[in-house]
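Derivation of every value follows stated rules applied to the coordinates shown; laboratory data play no part. Small disclaimer: the values here were computed from a predicted structure and weren't measured. Cβ placement follows ideal geometry from the backbone for every residue including glycine, while neighbour counts extend to all protein chains displayed.
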Amino acid sequence: MDFDRLPELGHVLSVDQFDRPFLDKICDVTQEIRELRDKPDGKRLLKEQFADRTAMLYFTQPSSRTYTSFAVACQELGVSIVDVRDPHTSSEVKEESLLDSIRTFSSYVDVLIMRSPVEGLARDAAAYLDATPRPRPIVNAGNAKDEHPTQALLDIYTMRRSFKDRGGVDGKTVAFVGDLARSRVVRSLAKLMYHYYDMQLLLVSPPEFRMKPDILAHLDQHRVRYEETADFNGAVRQADVVYMTRVQDEHDAADGTRSPRSFPEFHFTQEHLGILRPEAIVMHPGPRRDELDPATDDDPRSKYWRQMRNGKHLREAVIACILATLQRKRNERRR
Ligand code: ASP
């Protein structure tokens with residue numbers, strides 16, 4: 001694997017920045033890193049790649065999978081990490097502006113990976129740092145209800161791998177189920193669908209959590225076929241991918257709503273395994289509640305645990321591309 005030839009990558013802020021060649025390439029790099037790790041000496045080689053680099057994990061919203069997978073991905077590439085997980089432990093409590101805090105962190109690290117409840121923070125931080133003498137790449141690791149670009153990438157990688165003998169992601173029917181209005185995961189992944197040929201989306205939700213008009217407009221604009229429906233069983237019968245999501249009730253206070261914990265009519269249970277196509281897959285970004293019955297975990301079509309593991313591999317590829325790009329820029333400046 002040639003680290004000097006990794007694709008160019010700076011900020012990762014929104015799925016809008018990706019095109020099909022990049023999506024294909026990042027999946028290839030993810031695969032190559034996995035294969036390198038399994039070779040004798042592969043782990044050591046990976047650890048030596050970016051051993052002088054430091055990443056900041058600024059995660060002021062709860063996270064298990066995304067935080068840990070980024071942290072381990074960095075460690076496996078030899079990148080040291082520092083973190084803020086609770087804003088009460090940073091100078092934000094002394095009323096330092098968030099952007100000043102971020103500029104301070106950027107003085108010490110090479111890349112900032114950010115999850116925050118503040119709408120648009122990653123984008124604003126990137127624009128702010130770009131105007132300083134020490135710009136640093138920002139990775140959006142989940143922003144409010146808006147976007148979760150690295151989750152969308154790992155979902156694409158999971159689909160591509162699951163359908164590697166069936167033409168990859170192209171031509172598939174994807175049923176998104178649950179809180180489609182507020183799931184940043186679904187919003188980001190839906191926006192990537194137009195890069196694949198002949199996709200069909202089934203948008204299964206209770207009326208109050210229908211997909212938002214901006215995403216429907218995006219699908220219309222890019223001529224992605226979709227159908228909004230409450231027929232969960234019909235969607236399970238038809239789909240190649242059943243993508244389950246949790247009710248995102250952490251946004252209730254801001255939205256002035258009080259959501260039920262889950263919607264039993266949209267729970268995926270063992271009975272659904274009987275109507276799911278033999279070659280279909282079930283995905284869920286985690287954390288799950290009652291919408292996905294643990295009794296389905298052992299079915300070979302249930303890919304959510306694998307999907308979660310793919311998160312670490314894919315994020316390792318993202319960090320490697322960002323740091324290799326930084327290195328190339330640094331070398332060019334020295335010449
Ligand atoms: N882990 C995902 C996210 O951070 C999905 C979820 O929380 O339901 O958006």
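Brief remarks on what is shown
- Listed by chain and number, the lysines placed with their C-alpha closer than 30 angstrom to that of K312 are K25, K39, K43, K47, K145, K164, K172, K191, K212, K303, K329; residues fewer than eight positions away on the same chain are left out.
- Of the residues M211, V224, T245, the one whose Cα sits farthest towards the positive end of the charge dipole of the range 207-335 is V224 (charges of +1 on Lys and Arg Cβ, -1 on Asp and Glu Cβ, taken about the Cα centre).
- Residue among V174, V204, V82 with the largest mean-square fluctuation in a Gaussian network model of the chain, springs linking Cα atoms under 10 Å: V82
- Diffusion constant of the range 113-231 at 37 °C, which comes from Stokes-Einstein with the Kirkwood Cα-pair radius and 0.692 mPa s, µm²/s: 211
- Pairs of Cα atoms nearer than 8 Å and 6+ residues apart set the relative contact order; for the chain it is 20 percent.
- Among complete DSSP H helices in the chain, none has alpha-carbon atoms stretching at least 30 Å along the helix's long axis together with a mean Kyte-Doolittle hydropathy reaching -0.5.
- Cubic angstrom per residue, convex hull over Cα atoms of the range 1-89: 121
- Only Cα pairs under 8 Å and 6+ residues apart enter the sum, and on that basis the relative contact order of the range 1-127 stands at 27 percent.
- Residues whose amide H lies under 5 Å from that of A280, counting only those 5 or more places away or on a different chain, are absent; hydrogens are built 1.01 Å from N in the peptide plane.
- All Cα pairs of the chain, percent lying beyond 37 Å: 18
- Modelled FRET efficiency - R0 56 Å, T54 with D255, Cβ distances, 0.05 increments: 0.90
- Most mobile of H222, H267, H148 in a GNM of the chain (Cα contacts under 10 Å): H222
- From phi via Karplus (6.51, -1.76, 1.60), per-residue ³J(HN,Hα) for the range 253-258 in Hz, x at Gly/Pro: 4, 5, 7, x, 10, 10
- Computed label-point distance, nm, for sites R223 and K329 using a 7 Å Cα→Cβ extension: 3.7
- Rounded if a/c under 1.5, otherwise prolate or oblate - the range 240-320, Cα gyration tensor axes: oblate
- Rounded to 0.05, the FRET efficiency of the E8 and R277 pair, given R0 = 35 Å and the Cβ-Cβ distance, is 0.35.
- The alpha carbon gyration tensor of the range 186-329 gives principal lengths a ≥ b ≥ c with a/c below 1.5, which makes the shape rounded.
- Under 19 Å from the Cα of K94 - aspartates and glutamates, other chains or at least 8 residues apart: D83, D86
- In this label model, D299 and T104 are separated by 5.1 nm, measuring between points 7 Å along each Cα→Cβ vector.
- Per-residue [θ]222 nm for the chain (sum of -39500 (n - 2.57) over DSSP H runs n ≥ 4, rounded to 500): -12500 deg cm²/dmol
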